[in-house]
Ligand code: ADP
Ligand code: MG
């Protein structure tokens, strides 16, 4: 298990307001979060630290490029999957409901990405940016598929490869095919070998790396989002890209390696917009699946017996059953936004990521 953390850049609106960013990357592994509510002149509580440090396997800030994040987190999974083992990459993080909207800062000023890549508003914390990215700055999904295609020429010597992908969302504990939403709600099945499959899902194979980005972007537009009235584009589903590498070795049979790349739905906080009816049910499903996932990952990182891990608690953990633990590699990339308004969300995100893998060394 590897746990990484990424902090997105400040938007112009966020930078223009007097409060400065409160989340900082201190070094390759350490992130500090400052509590904006604690007065530095408060001598009575001077002993209570205004800052808390969190240590991760790797930490990124706004200067980190898509390439850097990909190399440090996911690139190493390619040989794992090609040799027939499973892996999972998650993007975790809040909605950024507290964050300001508006024009983005000049990237020069913040040492961030080049101007044409900078969006005009920000509310999310960068999960979809990390996983999907943009045409000019592709994220982890397209980069991984591109390298997988290169690593698996259809035939090389005695080995034959076949790479295929499917793209689905889990919304309200229902599985929808993002490449063909008209299929409706799909079911999970366990095949004869005990592998969990999504019955009837569209599997696309042998497409080139350029087509992948278009396919993913199209699929992502099919995701269940907040209603437009909510004035943000926060996703309300987990988006799961599943890549299967089949390797046929003459005389040694067939091996399957599966890689899941998951853009998780943000945890739902009841306090902010008191949810009712459908929203409340959705929120409960999202939180339950994030909790189940956190418990699975935590149990695995503590090397507890996998016998007691309750994968059945959510569709997401059922789907990922053979891609968490065992010989599988798991990477979680947690995301936070830097402004003071995001303090509560950032704190709980850092805590979730931290719980997944308590550090061996303390700061
Ligand atoms: P989420 O999926 O977590 O809700 P998004 O990935 O949609 O958040 O990010 C919100 C906005 O911020 C998007 O417009 C996105 O392009 C931008 N953004 C996020 N992270 C970065 C980054 N590291 N560099 C540049 N822009 C970013
Ligand atoms: Mg998103």
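All of the numbers you see were taken from the coordinates with simple rules; none came from a lab. Just so we're clear, the structure is a prediction, and the values are computed from it rather than from any experiment. Note that each Cβ is placed from the backbone with ideal geometry, even for glycine, and that neighbours are counted across all protein chains shown.
One table, with the values for the structure above:
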| read-out | value |
| --- | --- |
| Inter-label distance for residue 80 and residue 182, nm, one decimal - labels placed 7 Å from Cα along Cα-to-Cβ | 3.8 nm |
| Pairwise FRET efficiency - residue 254 versus residue 68, Cβ, R0 = 30 Å, nearest 0.05 | 0.25 |
| Pairwise label distance in nanometres, residue 291 with residue 279, each label 7 Å out on the Cα-Cβ vector | 2.1 nm |
| Residue order, fewest to most beta carbons within 10 Å, for 167, 70 | 70, 167 |
| Which of 354, 249 has the fewest Cβ neighbours within 10 Å, and the rest in rising order | 249, 354 |
| Hypothetical label at residue 49: residues of the range 333-348 whose amide nitrogen lies under 17 Å (7 Å Cα-Cβ projection) | 347-348 |
